[in-house]
Amino acid sequence: MRDSSPPPIPHWSDQLVLWFGRGFGSGLVWVAPGTFGTLAAFPLIWLLKLAAGEGPFSLLIYYAVAVAYFLIGIPVCRRCERLLGKADPGEIVIDEIAAMLLLFGSLELNVMNIVVSFAFFRLFDIKKPWPVSWADQRKDPLGIMLDDILAALYAFACVWLTQRFIGLEFFERFSLF
């Protein structure tokens with residue numbers, strides 16, 4: 001005889017960790033959760049750049065928060081894996097968000113940078129060239145977070161080269177501020 005009782009409701013702290021790990025719900029999209037998790041990073045990037053301001057310590061403040069987000073992501077991934085009962089669940093997109101936060105630390109938030117960085121980041125996150133593939137094969141919470149950080153480094157290099165090839169002036173025409 002089957003138990004017809006509903007599954008237990010997770011504790012509020014587990015729900016909070018899952019909500020955070022799922023990128024505020026963006027990872028629950030049934031198709032391409034990593035893509036939607038990447039998109040979910042942009043409001044956070046905007047808020048963080050706004051909060052960090054333009055003073056002498058703004059870049060330091062921005063990167064301190066972005067690195068903290070990455071470091072918090074490691075235990076969040078571990079707990080999400082335990083709660084969901086599977087390794088590296090696709091719905092966990094905190095790694096994409098942390099990577100985009102770090103990627104935009106030294107980039108102006110404008111339409112061209114958003115489009116170009118998004119495209120390059122998704123390319124490297126999906127294709128996983130070395131050492132992205134090495135980090136992905138670790139199959140632990142650090143590897144979950146690290147493969148996206150490495151993909152973001154590749155993306156940053158490509159955005160930087162694209163800006164130099166096309167010209168920074170072209171990119172600056174699309175400023176959001």
Item to check | the stretch 44-70 - residue that is among the β-branched types (Val, Ile, Thr) and surrounded by fewer than 19 Cβ atoms within 10 Å (Cβ to Cβ) and, of those, farthest from Val93 (Cα to Cα) | outcome: Ile61
Item to check | Any chance Ala41 is hydrophobic (A, V, I, L, M, F, W, C) and crowded, with 20+ Cβ neighbours inside 10 Å | outcome: yes
Next on the checklist: Is it the case, given these coordinates, that Val76 is out of contact with any Pro (no Cβ under 7 Å at 6 or more places or on another chain), part of a helix (DSSP H, G or I), modelled with pLDDT of 95 or more and surrounded by 18 or more Cβ atoms within 10 Å (Cβ to Cβ)?
Outcome noted: yes
Next on the checklist: Filter the stretch 83-115 down to the residues that are in contact with a Gly (Cβ under 6 Å, 6 or more places away or on another chain) and more than 15 Å from Met145 (Cβ to Cβ) and list them by number.
Outcome noted: Glu91
Next on the checklist: So if I check each of Ile92, Ile97, which one is modelled with pLDDT of 95 or more, within 30 Å of Pro8 (Cα to Cα) and either outside any helix (DSSP H, G or I) or not β-branched (Val, Ile, Thr) (or both)?
Outcome noted: Ile92
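So for the stretch 21-34 (the condition being exposed (fewer than 12 other Cβ atoms within 10 Å of the Cβ), modelled with pLDDT of 95 or more and closer than 30 Å to Thr162 by Cβ), does at least one residue qualify? Before the answer, list the steps.
Start the filter on the stretch 21-34 by keeping residues that are exposed (fewer than 12 other Cβ atoms within 10 Å of the Cβ), which leaves 30-31.
Applying the additional criterion that residues be modelled with pLDDT of 95 or more yields none.
No, the stretch 21-34 has no match at all.
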Checklist outcome for this item: Within the stretch 117-139, residues being modelled with pLDDT under 95 and out of contact with any Leu (no Cβ under 9 Å at 6 or more places or on another chain) number 1
Next on the checklist: Take the residues in the stretch 143-177 that are more than 14 Å from Ser117 (Cα to Cα), exposed (fewer than 14 other Cβ atoms within 10 Å of the Cβ) and of a type in the set (A, V, I, L, M); name whichever of them is modelled with the highest pLDDT.
Outcome noted: Ile166
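Could you check the stretch 163-177 and list, in sequence order, the residues that are among the hydrophobic types (A, V, I, L, M, F, W, C) and in a loop (DSSP other than H, G, I, E, B)?
As a first pass, look at the stretch 163-177 and keep what is among the hydrophobic types (A, V, I, L, M, F, W, C): 165-166, 168, 170-171, 174, 176-177.
Result: Phe174, Leu176, Phe177.
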Checklist entry - Given the structure, is Glu54 farther than 20 Å from Phe36 by Cα, outside any helix (DSSP H, G or I) and either touching a residue at least 12 places away in the same chain (Cβ under 8 Å) or among the hydroxyl-bearing types (Ser, Thr, Tyr) (or both)? => result no
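Hey, any hits in the stretch 102-119 for a residue that's touching an Asp or Glu at 6+ places or on another chain (Cβ under 8 Å) and in a helix (DSSP H, G or I)?
Residues of the stretch 102-119 that are touching an Asp or Glu at 6+ places or on another chain (Cβ under 8 Å), as a first pass: 108, 110.
Then drop every residue that is not in a helix (DSSP H, G or I), which leaves none.
No.
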Next on the checklist: List pairs: first residue in the stretch 118-140 and farther than 24 Å from Glu108 by Cα, second residue surrounded by 14 or more Cβ atoms within 10 Å (Cβ to Cβ) and aliphatic (A, V, I, L, M) anywhere in the structure, Cβ distance under 6 angstrom, at least six positions apart or on different chains.
Outcome noted: Pro131/Leu150; Val132/Leu150; Val132/Ala151; Ala135/Leu146; Ala135/Leu150
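The values are calculated or read from the model by the stated rules, or taken from the named source; none is laboratory data. None of the values given here were measured: they were computed from a predicted structure. Neighbour counts run over all protein chains shown; Cβ positions are idealised from the backbone, glycine included.
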